[in-house]
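The values are calculated or read from the model by the stated rules, or taken from the named source; none is laboratory data. Everything quoted here is computed from the prediction, not taken from an experiment. Quick reminder, even Gly has a Cβ in these numbers, built from the backbone with ideal geometry, and neighbours come from all protein chains shown. Note: areas computed on protein heavy atoms with side chains; ligands, DNA, RNA excluded. Shrake-Rupley method; radii C 1.70, N 1.55, O 1.52, S 1.80 Å.
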Amino acid sequence: MKYRTARQIKAMTEGTMLVNLVTLHVPDMGTIRLTDAAFDIEEAGDVWSSNGLLLEMNNSKDNGSVKPSSFDLNLSGAAQESLDIATFSRTLYSHVEHRQGYWDEVNGELIDGSFIIRSGRIINIKIVDGDSPVVGFVIANKWSNLQNTRGYAADNAFWLQYHEGDTFFKEVGRQ
């Protein structure tokens, strides 16, 4: 279960607008922040753009289990920015983070900030052309690399992507 503050739980029960915030960390292209809201959303100095690129995310949930799974992220294929992201050679295996938040329309801000829903790496890219072109990404959770392996290995750089500021690898092997 994801942690929610009392104000966020109240907002949820009152039907307050829920917004999706997606962050793509693409090497050499930078950090791309998108929202499905009709307006840009700012939180802690970061801005998620409401440029219409974020079309949908499937509703598969991360239930907290150590089990490989994936979810889909679809961007507008009619926009050149979506095609640029999809065709950039380093997009595959880029890190993606999906957050949500409840929007306070009176104060124009997220109620107690956003909260992480799921994250993972892009494992497949598909471009569907047609009347409504779509650029789709399949994102696998962090446990997906365990599906066909017997062990799990990580180095400090990999570990810090998921556990920022942790000193685990500094302590390993100390006596």
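The set of residues in the stretch 28-50 that are out of contact with any strand residue (DSSP E or B) (no Cβ under 7 Å at 6 or more places or on another chain) and open to solvent by 40 Å² or more (accessible area, probe 1.4 Å) comprises Asp28, Met29, Ala38, Phe39, Glu42, Ala44, Gly45.
Open to solvent by 70 Å² or more (accessible area, probe 1.4 Å) and either more than 15 Å from the chain's Cα centre (by Cα) or modelled with pLDDT of 90 or more (or both): does that describe Arg7? Yes; evaluated as a whole, the condition is true for this residue.
Could you run through the stretch 80-120 and say how many residues are assigned to a strand (DSSP E or B) and over 16 Å from the mean Cα position of the chain (by Cα)? Show your work before the answer.
Here is the first cut: in the stretch 80-120, the ones assigned to a strand (DSSP E or B) are 95-104, 109-110, 115-120.
Restricting the remaining residues to those that are over 16 Å from the mean Cα position of the chain (by Cα) gives 102-104, 109-110.
Matching residues across the stretch 80-120 total 5.
Counting only strands (runs of 3 or more DSSP E) that sit completely within the stretch 1-53, those holding 3 or more residues that are free of Cβ contacts under 8 Å to residues at least 60 places away in the same chain correspond to 30-35, 46-48.
Would you confirm whether any residue within the stretch 156-169 is more than 26 Å from Val19 (Cβ to Cβ), at pLDDT 75 or above and either in contact with a Cys (Cβ under 7 Å, 6 or more places away or on another chain) or acidic (Asp, Glu) (or both)? The answer is yes, given that some residue of the stretch 156-169 is more than 26 Å from Val19 (Cβ to Cβ), at pLDDT 75 or above and either in contact with a Cys (Cβ under 7 Å, 6 or more places away or on another chain) or acidic (Asp, Glu) (or both).
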